[in-house]
Amino acid sequence: MRLVQFRDEEGNAAVAVVEDNATLVPLRGVASVRELAKIALAEGITLAKAATAQMGDARIDYDTVARSGRLLPPISHSDPAHFLVTGTGLTHLGSASARANMHTGDTKKVDETDSMKMFRMGVEGGKPGAGQHGVQPEWFYKGDGSVVVAPGADIPSPSFALDGSEEPEIAAIYMIDDDGTPVRLGFALGNEFSDHVMERQNYLYLAHSKLRACALGPELLLGDLPSHVEGTSRLYRDGKVIWEKPFVSGEDNMSHSLANLEYHHFKYDLFCHPGDIHAHYFGTATLSFADGVTTQDGDKFEIVSETFGRPIRNRLKVSEERPVKIRAI
């Protein structure tokens, strides 16, 4: 089952089940996936069963909602400060080569870079046995819920950015229950937009390079993530495809297990505050920057995977310079 969040014709927030990839079935009595998750937790049932119980008789044309710009990200929080967006890198088989090439510098041997060392640590210890904890992955913070743009909306790139490029990834979505336990709600296709030129200057700039907007959705996949996921990432300029490449994800294509990535995120108490929402990106091995592509204002990103229904499409928009003013009182 897949869910979407959208606005109805009156502008009210709503949730719907995706039916046959062309029809939306609105849910009664809930205005967000978060509200639906609270019902599921209170009744001790799965999110899919809760959604089925709330399905109404109405049917809405999916294309109409999408064309009118009424699709919302597949998860939200009424207070964006309680929605944390984070991620992990060097988690996919093949992800180390592009990163290592960016950071090689004067070192000619790729296997001497810190990126390659961390990648090898993941290959050797990222998939521990059941009940065990493996090596911790690279981890980064992207921002709060305010950085997540809606399907079809522009992805802003700050005026000071040196680059703004896509990263086709899968993000897991969580809500922290009343006891402080993370509850996985599902998975969404994502564009973990980053500044790779800044990162290339020095790997210690990774934290800065990740403080950017990103995209999710439009659909939330409930249940388990398939062990093998295929998709395609494209970059359009002036209506023409200037770069296209397939990507794979899922545990079969990763150096870390999902359980290991989850453990090393939620082992921190500050990420277990009741009511908070988390979107946690799981990394990628595919990006246009690694193939020498430089994005421009107005370029359009498209990331598609049949596993997640409809694609993510967003346009790159370079923001105007904003003066930084500090006030003392």
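Readers should treat all values here as calculations from the given coordinates under stated rules, not as data from a laboratory. It should be emphasised that the depicted structure is a prediction, and the values quoted were computed from it without experimental measurement. Counting neighbours? That spans all protein chains shown, and the Cβs are built from the backbone with ideal geometry, glycine included.
Contact order, relative form, for the chain: 22 percent (alpha carbon pairs under 8 Å, 6 or more residues apart, mean separation divided by residue count). In a simple Cβ point-charge model (Lys, Arg +1; Asp, Glu -1; nothing else charged), the chain has a dipole of about 480 debye relative to its Cα centre. So how tilted is helix 114-125 from the main axis of the chain? Cα-based, degrees 0 to 90, rounded to 10. Approximately 60 degrees, to the nearest 10. The convex hull of the Cα atoms of region 190-329, projected and averaged over all directions, covers 12.2 nm².
Mean residue ellipticity at 222 nm, helices only, the chain: -5500 deg cm²/dmol; runs of at least 4 DSSP H residues each add -39,500 (n - 2.57), and the sum is divided by the number of residues.
For Val229, the residues 5 or more places off, or on other chains, whose built amide H falls under 5 Å of its own are Ser249, Gly250.
A cut-off of 5 Å between modelled amide H atoms, ignoring neighbours fewer than 5 places along the same chain, links Gly283 with Thr88, Ile170.
Scaling the Cα radius of gyration of the chain by the globular reference 2.2 N^0.38 Å produces a ratio of 0.99. Pairs exceeding 25 Å between alpha-carbon atoms, taken from Lys267/Lys325; Lys117/Lys300; Lys142/Lys240; Lys117/Lys210; Lys49/Lys127; Lys210/Lys240: Lys267/Lys325; Lys117/Lys300; Lys142/Lys240; Lys49/Lys127; Lys210/Lys240. Relative to the longest principal axis of the Cα atoms of the chain, helix 33-43 runs at roughly 70 degrees. For region 180-290, the relative contact order is 25 percent, taking Cα pairs closer than 8 Å that sit 6 or more residues apart in sequence and dividing their mean separation by the residue count.
Computed from backbone phi with θ = phi - 60° and the Karplus coefficients 6.51, -1.76 and 1.60, the 3J(HN,Hα) list for region 175-188 is 10, 8, 7, 5, 8, x, 9, x, 10, 6, 8, x, 9, 9 Hz; x is used for glycine and proline. Taking Ser209, Ser146, Ser157 as the candidate residues, the one with maximal mean-square fluctuation in a Gaussian network model of the chain, Cα springs under 10 Å, is Ser146. Springs join every pair of Cα atoms under 10 Å in this Gaussian network model of the chain, and among Val241, Val123, Val85 the largest mean-square fluctuation is at Val241.
Note that region 69-76 has calculated 3J(HN,Hα) couplings of x, 9, 6, 10, x, x, 8, 7 Hz, one per residue in order, obtained from phi through the Karplus relation 6.51 cos²θ - 1.76 cosθ + 1.60 (θ = phi - 60°); glycine and proline are x. Using a Gaussian network model of the chain in which every pair of alpha carbons under 10 angstrom is joined by a spring, one finds that among Asp238, Asp177, Asp276 the greatest mean-square fluctuation is at Asp238. Within the shell of other residues whose beta carbon sits under 10 angstrom from the beta carbon of Asn191, the net charge comes to -4, with Lys and Arg scored +1 and Asp and Glu -1.
Pairs of C-alpha atoms in region 2-72 farther apart than 18 Å represent 32 percent of all such pairs.
Between Asn202 and Asp238, the modelled labels are 3.9 nm apart [label points 7 Å from Cα along Cα→Cβ]. Residue by residue, region 282-291 carries 3J(HN,Hα) couplings of 9, x, 7, 10, 10, 7, 5, 4, 5, 9 Hz when phi is fed to the Karplus relation 6.51 cos²θ - 1.76 cosθ + 1.60 (θ = phi - 60°); x denotes Gly or Pro.
Show me the ranking of peptides 131-139, 184-192 by mean Cβ neighbours inside 10 Å, starting with the highest. If you can, show how the numbers build up before the last one.
Numbers: 131-139: 16.1, 184-192: 25.7.
Going by the mean number of other Cβ atoms within 10 Å, highest first, we get 184-192, 131-139.
Below 8 Å between Cα atoms, with a sequence gap of 6+, how large is the relative contact order for region 244-329 in percent?
Worked out over region 244-329, it gives 21 percent.
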